[in-house]
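First the structure, in the form of structure tokens, and then the observations on it.
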Amino acid sequence: MSGTEKSKAHAEQAKGKVKEAMGRMVGNERMTAEGRAEQAKGNARHAKEDVKDAFRH
């Protein structure tokens, strides 16, 4: 996995977790959903890179 893509995936996951937690804390369902979506996007990016790595080796 390339370092930059790995960093982006982890950053998106962390940002999504923070946003989801803040949404729950203030009772904002939209923010909570956006946080979950960002986490899913980070997970998808990570999975994509894992698949690319599997074909390289």
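The values are calculated or read from the model by the stated rules, or taken from the named source; none is laboratory data. Values in this document were obtained by computation on a predicted structure and should not be read as measured data. Note that we place each Cβ from the backbone using ideal geometry, even for glycine, and neighbour counts take in every protein chain shown. Ligands, DNA and RNA are excluded from the accessible area calculation, which covers all protein heavy atoms including side chains. Shrake-Rupley method; radii C 1.70, N 1.55, O 1.52, S 1.80 Å.
Rounding to the nearest 10 and keeping the result within 0 to 90°, find how far the Cα-based axis of helix 3-26 lies from the longest principal axis of the chain. Orientation of helix 3-26: about 10 degrees from the principal axis.
In terms of accessible area, using a 1.4 Å probe and ignoring ligands and nucleic acids, ARG56, ARG30 rank largest first as ARG30, ARG56.
Between LYS15 and GLU34, the contour length at 0.36 nm per residue exceeds the Cα-Cα span by 5.8 nm. In sequence order, the stretch 28-33 has phi-based couplings of 9, 5, 5, 5, 4, 5 Hz under the Karplus curve 6.51 cos²θ - 1.76 cosθ + 1.60, θ = phi - 60°, and Gly or Pro positions carry x. Dipole magnitude for the chain: about 60 debye, using +1 per Lys or Arg Cβ and -1 per Asp or Glu Cβ, origin at the Cα centre. Surface composition of the stretch 9-57: carbon and sulfur make up 60 percent of the accessible area, probe 1.4 Å. Measuring max minus min along each principal axis, the C-alpha atoms of the chain give extents of 46, 15, 9 Å (largest first). Over the chain, average the accessible area per residue using a 1.4 Å probe and give it in Å², no decimals. Here the per-residue accessible area is 71 Å².
Of the residues LYS17, LYS6, the one with the largest accessible area comes first in the ranking LYS17, LYS6, computed with a 1.4 Å probe on protein heavy atoms.
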